[in-house]
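Q: Would you mind keeping the following structure in view while I ask a few things?
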Amino acid sequence: MTNEKVTVREAAFRIFQHFGVDRLFGNPGSTELPMLKAMPFPYVMGLNEAVVMGMADGYARATGKPSLVNLHSSAGTGHSLGNLFTAYKNNTPIVVTAGQQARSILPHDPFLFAERATEFPRPYVKFSVEPARAEDVPLALIRAFITALTPPMGPVFVSIPVDDWDRECEMPLLPEVALTRTPDGDGLERIARMLDAASRPALVLGTGVANCGGWEDAIELAEKIGASVWAAPYAARETFPENHPQFAGFLPAWRDQIQTLLDPFDAILVAGAPVFTYHVEGSGPHWPRHAQLAALSDDPNHLAALPGGFGVLGDVGAGLAIISEFAKERAFNGPSHQLKSPEPAMNAPYVLKRVSELRPEQAVIVEEAPTARGPEHDVLPITREGGFYTCASGGLGYSLPASIGIALGQPDKVIAILGDGSAMYTIQGLFAAKLEAANVSFVILNNAAYAALTGFSGEFGMNHVPGCDLSGLDFALLAEGHGVPARRVDTLGELDEALEWSFAQTGPSLLDIRIA
Ligand SMILES: Cc1ncc(C[n+]2csc(CCOP(=O)(O)OP(=O)(O)O)c2C)c(N)n1
């Protein structure tokens with residue numbers, strides 16, 4: 001401690017700045033107001049805590065810094081939980097603070113208080129605390145930031161009673177901690193020997209590669225050892241340049257199909273992903289029996305759940321770079337991922353093809369359009385670091401607000417490709433897009449349905465799914481009602497001009513594209 005006496009508020013503001021916070025994402029209530037007094041940085045307001053959490057997540061992922069969130073006691077925390085779960089699965093460092101009633105009236109079950117506040121966001125936070133005394137709040141916040149930033153990163157939760165902010169405390173010393181864990185050298189050498197001994201090696205790259213800043217390291221290793229590169233099932237970030245001749249494609253979350261696609265390979269290195277993420281039941285081995293498998297991840301859970309093989313814990317980018325030094329050079333001679341050229345039609349493949357061709361060169365794609373994900377892989381290659389974001393959880397309602405946070409966190413145009421159903425979970429995020437002048441083109445692929453569920457129903461032998469007809473929603477009207485300029489696109493003749501118009505805007509715009 002420093003012996004310097006300050007208010008809890010002053011100490012908190014210094015801690016926020018120490019950890020690189022430059023804005024607060026929130027939705028205010030009475031129990032949070034004293035936190036906001038003389039706040040030294042901007043407040044980004046979301047008209048629902050799901051929006052707040054999604055924006056904060058996108059901002060942290062785009063900037064590489066922890067985001068700070070403030071929620072309204074229990075009810076606000078409750079609204080945020082879907083996207084808090086996503087932040088946990090995304091490994092996004094977010095310090096969530098929530099208001100709590102004054103300590104002196106807690107025994108009387110006061111209005112708007114949070115009973116068992118710290119249990120509510122569990123298990124989707126790495127750390128959850130309501131400090132025992134007001135003067136303990138600063139140390140709790142420091143611990144929260146360091147825990148959030150320690151790999152595997154994730155959200156943390158601090159419940160702060162409303163009367164704490166003006167209390168006096170001692171200003172703590174502010175620690176600086178190096179949190180990257182270099183993987184064990186012997187383990188990496190063993191992986192290099194496995195790759196050297198193979199005749200056809202493959203890399204399977206997941207979200208953890210981007211989370212560790214490993215884009216260039218992955219390219220260097222793949223090129224040196226002549227490996228085919230697959231994107232792991234449901235990777236939530238860009239993994240590898242999708243126009244690179246060594247890019248083989250996207251593994252589905254189906255066990256049998258993974259076995260088939262990996263069958264030509266005799267050594268498989270899975271980096272920054274579980275082995276594997278599945279969506280439905282499957283049978284047989286998790287990878288072809290004739291192949292050796294190793295995993296490299298900064299997430300101990302990926303290694304704890306490893307169904308055989310060999311695993312190494314630690315920073316994925318650093319690990320790939322060291323394996324590259326150890327491994328032997330070899331020429332690549334595998335097949336390449338083939339992009340498709342769909343015929344003109346008002347459907348997802350063709351619309352995404354036009355997005356691909358008309359997008360600004362450095363545009364960042366944010367996606368949440370379940371039945372368009374496959375077509376997107378076929379026609380809209382991601383070729384830059386920081387070029388792709390979606391949620392790792394499968395929980396809808398993330399990408400609309402996340403795209404706003406991403407636009408605030410980096411300079412390039414963001415194109416949010418959203419299903420009509422997905423967009424409706426957090427549509428009021430458009431109000432924040434307008435307020436923040438976020439440079440986002442919201443491209444709604446409006447098929448008037450929850451098409452993924454009708455498509456998926458065959459897995460369960462069903463031919464009818466209730467509740468999947470979304471006809472009647474008008475996104476151009478919804479956007480205009482939030483102050484965001486919008487156009488509706490019904491025909492092929494209108495498509496290119498509408499995309500060009502939207503991509504030329506510097507603030508938010510929306511296209512309601514009616515597809516089959
Ligand atoms: C929070 C949440 N609720 C429900 C689901 C189940 N779900 C998966 S896909 C889907 C339909 C999404 O519809 P839309 O965005 O229009 O895309 P489409 O399926 O039509 O391509 C739903 C409801 C989910 N994944 N997340």
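Just so you know, all these numbers are worked out from the coordinates, no wet-lab data involved. Keep in mind that this is a model prediction, so the values were computed, not measured. Don't worry about glycine lacking a Cβ; one is built from the backbone with ideal geometry, like all the others, and counts go over all protein chains shown.
Q: Average projected area of the Cα convex hull of the chain, in nm²? Each step should come with its number before you reach the end.
A: Details: hull surface 100.3 nm².
Taking a quarter of the hull surface, the average projection is 25.1 nm².
Q: P(r) for segment 372-423, please, calculated from all Cα pair distances in 5 Å bins and given in %.
A: 4, 17, 28, 27, 20, 4
Q: Separate question: So who's got an amide H within less than 5 Å of the one on A416, skipping anything under 5 residues away but keeping other chains? H placed 1.01 Å off N, in plane.
A: When sequence neighbours closer than 5 places are left aside, the close amide H contacts are V366, S441, F442, V443.
Q: Compute the distance in nm between two label points, each set 7 Å from the Cα along the Cα-to-Cβ direction, one at E223 and one at V177.
A: Here the answer is 3.7 nm between the modelled labels.
Q: For segment 149-158, just list the computed ³J(HN,Hα) in residue order, Karplus coefficients 6.51, -1.76 and 1.60, θ = phi - 60°, integers in Hz, with x standing in for Gly and Pro.
A: The phi angles translate into 8, 6, x, x, 5, x, x, 9, 9, 10 Hz.
Q: Please give every one of the aspartates and glutamates within straight-line cross-link reach of K434, meaning a C-alpha to C-alpha distance under 19 Å, and leave out same-chain neighbours fewer than 8 residues apart.
A: Correct list for K434: E49, D57, D412, D474, E480, D512.
Q: Quick one: net charge of R23's neighbours, Cβ under 12 Å, K/R +1, D/E -1?
A: Values: positive: K65; negative: D22, E436.
The answer is -1.
Q: By how many nm would the segment from M462 to H290 lengthen if fully extended, with 0.36 nm per residue of separation less the alpha-carbon distance?
A: 58.3 nm
Q: Extension gain M1-R143, at 0.36 nm per residue separation less the Cα-Cα distance, in nm?
A: Numbers: separation 142, 0.36 × 142 = 51.12 nm, distance 1.45 nm.
Contour length minus Cα-Cα distance gives 49.7 nm.
Q: Here's a follow-up. Within segment 66-162, list the GluC sites (Glu not before Pro) lying in a DSSP loop whose Cβ has at most 12 other Cβ atoms in a 10 Å radius.
A: Sparse-neighbourhood loop GluC sites (Glu not before Pro): E115, E119.
Q: Roughly speaking, what is the centre-to-centre gap between segment 347-420 and segment 464-516 when only Cα atoms are used, to the nearest Å?
A: If you average the Cα positions of each part, the centres end up 15 Å apart.
Q: From the helices alone, meaning DSSP H stretches of at least four residues, give me the mean residue ellipticity at 222 nm for the chain, per-run term -39500 (n - 2.57), in deg cm²/dmol to the nearest 500. Intermediate values should be presented prior to the final figure.
A: On the way: 19 runs with 182 residues, N = 516.
Mean residue ellipticity at 222 nm (helix-derived): -10000 deg cm²/dmol.
Q: Can you tell me the convex hull volume per residue for segment 73-221, based on C-alpha atoms, in Å³ to the nearest whole number?
A: Each residue corresponds to 138 Å³ of Cα convex hull volume.
Q: Continuing with this model, one more query. Once you place label points 7 Å from the Cα toward the Cβ at F310 and D109, how far apart are they in nm?
A: Inter-label distance under the simple model: 6.0 nm.
Q: If the label point is 7 Å along Cα→Cβ of Q338, which residues in segment 351-393 have backbone nitrogen under 12 Å from it?
A: In segment 351-393, the label zone of Q338 (backbone N under 12 Å from the point 7 Å along Cα→Cβ) covers no residue.
Q: If you don't mind, there's one more thing I want to ask. Please list, in order along segment 436-447, the HN-Hα scalar couplings obtained from phi with the Karplus expression 6.51 cos²θ - 1.76 cosθ + 1.60 (θ = phi - 60°), rounded to whole Hz, x for Gly and Pro.
A: Each residue of segment 436-447 in turn: 8, 6, 5, 7, 10, 9, 8, 9, 8, 8, 8, 9 Hz.
Q: Starting from 0 in steps of 5 Å, tell me what percent of the Cα-Cα pairs of segment 1-74 lands in each bin.
A: Each 5 Å bin holds this share of Cα pairs: 3, 16, 24, 24, 18, 9, 4, 2, 0.
Q: Can you classify segment 330-481 as rounded, prolate or oblate using the Cα gyration tensor, where a ≥ b ≥ c are the square roots of its eigenvalues, rounded means a/c under 1.5, and otherwise it's prolate if a/b beats b/c and oblate if not?
A: Cα axes put segment 330-481 in the oblate bin.
Q: If we restrict to alpha carbons, what Rg and Dmax does segment 203-288 come to, in Å?
A: So, for segment 203-288, Rg and Dmax equal 12.3, 36 Å respectively.
Q: List every residue whose amide H lies under 5 Å from the amide H of F310, counting only residues 5 or more places away in sequence or on a different chain, with H placed 1.01 Å from N in the peptide plane.
A: Excluding prolines and chain starts, which carry no amide H, the hits are L293, A294, A295.
Q: If you don't mind, there's one more thing I want to ask. By how many nm would the segment from L470 to Q17 lengthen if fully extended, with 0.36 nm per residue of separation less the alpha-carbon distance?
A: 158.6 nm
Q: Within 10 Å, count the other beta carbons around each residue, average over each peptide in 435-442, 305-312, 251-258, and list them highest first. Walk me through the numbers before you get to the answer.
A: Details: 435-442: 22.9, 305-312: 16.2, 251-258: 18.5.
The most tightly packed comes first, giving 435-442, 251-258, 305-312.
Q: Which of K65/K328; K37/K126; K224/K353; K328/K413 have a Cα-Cα distance over 30 Å?
A: Numbers: K65/K328 36 Å; K37/K126 28 Å; K224/K353 32 Å; K328/K413 40 Å.
Table pairs above 30 Å Cα-Cα are K65/K328; K224/K353; K328/K413.
Q: Now, a different point. If you average the alpha carbon positions of segment 268-298 and of segment 97-145, how far apart do those two centres end up, in angstrom?
A: Between the Cα centres of segment 268-298 and segment 97-145 lies a distance of 39 Å.
Q: Then there's this: To the nearest µm²/s, what D does Stokes-Einstein give for segment 266-406 at 4 °C and 1.567 mPa s, using the Kirkwood radius over alpha carbon pairs as Rh?
A: For the chosen part, D equals 71 µm²/s.
Q: Right, something else. Treating the Cα atoms of segment 10-150 as identical point scatterers in vacuum, please give the log10 of the normalised Debye intensity I(q)/I(0) at q = 0.18 Å⁻¹, two decimals.
A: The calculated log intensity ratios at q = 0.18 Å⁻¹ are -1.04.
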